[in-house]
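Written below as structure tokens is the structure these notes are about.
Coordinate-derived values only; no laboratory data. Everything numeric in this text was worked out from a predicted model, so none of it was measured. As a convention, Cβ positions derive from the backbone with ideal geometry for all residues, glycine included, and neighbour counts pool all protein chains shown.
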Amino acid sequence: MRSIKEKKQRGAEIVAALKKIYPASECALEYEGEPWKLLVMGRLSAQCTDARVNIVCRELFDVFPTAQAMAEGDLSEIERIVRPCGLYRTKAESIKAACKMLVEDYGGVIPADMDELLKFPGVGRKIANLLLGDIYKMPAIVADTHCIRICGRLGFYPETLKDPVKVEKTLVPIIEPSEQSDFCHRIVMFGREYCMARSPRCTDCPISELCDSYIKRKK
């Protein structure tokens, strides 16, 4: 088992390798630099692809162009639009309530605090970290399905570990704080291009020499 020092060194190597593959680190959700939209899109992305969320939100933000408009919007109309994202009744209710809270309790400004963010309906640590990292450039590990799967394969923790909170807490001391948010965005891109859940492209993976899963299979 590697020491934390060894894990940090390996983490730095993987961060550097991913930077070479993906020089530009971008959030997969197209929120157009408007924090309230990222709050909404983060909620809609649960059990739904980012690509679908981006498509659905074009109409959603046309109909409800501000957080206040969403807060005051007709729930059935929100449900209709977000239906393709799945769990549409629950998601519509929570994004409407979250926008209401944002406008009424926070003056429309996303708080830069984990505990405050967790008060919002439908917001867990994954969405909170996404908001903190993307909006405020704070250290933040977004433990989504790509991150959990790939970092397990790379050997940061056992592949059987699927708990997002445990994954987050494991990665925080390994990945440099200044790199965490961009690292998570790059992991998403890498997961789509190479390290898919099924049939990962291991033989032509550019970081296979850093992957425990690949190295073990070669032996």
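Here are a few things to note about the model shown:
- Protection proxy ranking of 68-74, 187-193, by the mean of other Cβ atoms within 10 Å over each peptide's residues and highest first, is 187-193, 68-74.
- Taking a Cβ cut-off of under 13 Å around Leu60, the surrounding Lys, Arg, Asp and Glu residues balance to a net charge of 0, with basic ones at +1 and acidic ones at -1.
- Of [x] 13.8; [y] 12.1; [z] 15.1, the label for mean projected area of the Cα convex hull in nm² derived from the coordinates: [y]
- Here the residues Ser181, Ser94, ranked from fewest to most Cβ neighbours within 10 Å of their Cβ, fall in the order Ser94, Ser181.
- Computed over the Cα atoms of segment 35-136, pair by distinct pair, the Kirkwood hydrodynamic radius stands at 13.2 angstrom.
- Other residues lying with their Cβ under 15 Å from the Cβ of Cys99 contribute a combined charge of -2, Lys and Arg counting +1, Asp and Glu -1.
- Distance from the alpha carbon centroid of segment 148-191 to that of segment 1-62 works out to 12 angstrom.
- Value at 222 nm in deg cm²/dmol, rounded to 500, when DSSP H runs of n ≥ 4 in the chain each add -39,500 (n - 2.57): -17500 deg cm²/dmol
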